[in-house]
1. Using 7 Å Cα-to-Cβ label points, what is the residue A:13/residue B:65 separation (nm, one decimal)?
2. Which residues make up the longest stretch of chain B that has no trypsin sites (Lys or Arg not before Pro) in a DSSP loop with at most 15 other Cβ atoms within 10 Å?
3. With springs only between Cα atoms under 10 Å, which of B:20, B:67, B:84 fluctuates most in a Gaussian network model of chain B?
4. Among the listed pairs A:83/B:99; A:57/B:111; A:78/B:99, which have their C-alpha atoms separated by more than 32 angstrom in this model?
5. Once amide H atoms are placed 1.01 Å from N in the peptide plane, what residues at a sequence separation of 5 or more from residue B:17, or on another chain, have their amide H within under 5 Å of its amide H?
6. Whole Å is fine, so just give me how far the alpha carbon centre of segment A:37-53 lies from that of segment B:10-37.
7. Quick one: putting +1 on the C-beta of Lys and Arg, -1 on the C-beta of Asp and Glu, what dipole do you get for segment B:1-51 around its Cα centre, in Debye to the nearest 20?
8. Treating only the Cβ atoms of Lys and Arg (+1) and Asp and Glu (-1) as charged, compute the dipole magnitude of segment A:1-59 about its Cα centre; round to the nearest 20 debye.
Amino acid sequence: EPEVTQTPSHQVTQMGQEVILRCVPISNHLYFYWYRQILGQKVEFLVSFYNNEISEKSEIFDDQFSVERPDGSNFTLKIRSTKLEDSAMYFCASSEALWGGDYGYTFGSGTRLTVV
Amino acid sequence: RKEVEQDPGPFNVPEGATVAFNCTYSNSASQSFFWYRQDCRKEPKLLMSVYSSGNEDGRFTAQLNRASQYISLLIRDSKLSDSATYLCVVKVVRTGGFKTIFGAGTRLFVKA
C-alpha cells in the first residue's frame with residue numbers, strides 16, 4: 001500500500017533554532033498538506049500545497065513557517081526561530097483530490113518536534 | 001458553536017459490545033464526511049467515508065443525517081484492537097474553496 005514518508009520521526013531542537021521537516025508524499029497524489037497536533041489536542045490544519053504553490057494556509061501558518069517542494073518528490077516544512085509552543089506532532093498528508101475529495105487523506109507517521 | 005463537535009469520552013466497553021459515536025457539524029454546506037481512527041501517538045488513518053445513504057464496512061456502520069447535521073459511527077462486536085480515538089472529519093465549503101476540519105476525537109477503550 002502506498003505510504004507517505006516523514007523524516008525524522010523525532011526532532012529535538014533548541015528554542016530559536018530552525019528546523020526542516022521532510023515528507024515524501026504518495027507519488028501520484030497532487031495535493032499536499034501539513035497538519036500539527038499538540039499533545040492531547042486536536043489535529044490542526046497548517047497549509048495546503050498544489051502545483052508548487054500554497055493554496056491555503058491557516059492563521060497558525062505565519063511568517064515563521066514556510067513550505068517547499070524542492071524536487072519532484074520531497075515536500076518540506078521549515079520552522080524558523082522555533083518557540084516552546086511549536087512542540088507538537090507534525091503530520092504530512094497527501095491526497096489525489098483537493099481536500100481529500102471523497103476519499104480522504106493519507107497521513108505520514110509524523111515528526112515529533114520537541115523544542116527545549 | 002464549534003464547527004465539528006464530538007463527545008470526548010472515554011467510552012469504556014467490554015469486548016463484543018456495540019458502541020456508537022455521534023459527531024455534529026455546524027456548517028450546513030458541509031460536503032464530505034469521514035471517520036478516521038487515531039492510535040495513541042500515531043497518525044490518523046482513514047476508517048471510512050460517510051455517504052448520504054449510510055454505509056457499512058464489516059463491523060462498522062456510518063450514517064449521515066443532514067437535516068440534524070450529524071454523523072454517526074456504530075461499531076458492532078467490539079474488539080480489543082478497536083481501542084483508539086475516533087476522529088470525525090468534515091469538508092466544508094469556504095470562500096474560494098473548501099476546508100477539512102477535524103473534530104477533537106472520541107476515545108474508545110475496549111476491555112476484555
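Read-outs throughout are calculated quantities, based only on the coordinates presented, and are distinct from any laboratory measurement. Here the structure is a predicted model, which means the values were calculated and not measured. When we count neighbours, we look across all protein chains shown, and the Cβ atoms used for this are built from the backbone with ideal geometry, even at glycine.
1. 4.6
2. B:3-40
3. B:67
4. A:57/B:111
5. Residues meeting the amide H criterion: B:78.
6. Segment A:37-53 and segment B:10-37 have Cα centres spaced 22 Å from each other.
7. With only Lys, Arg, Asp and Glu charged at Cβ, the dipole is about 140 debye.
8. Working: 4 positive and 7 negative charges, 27 e Å.
Approximately 120 debye in magnitude.
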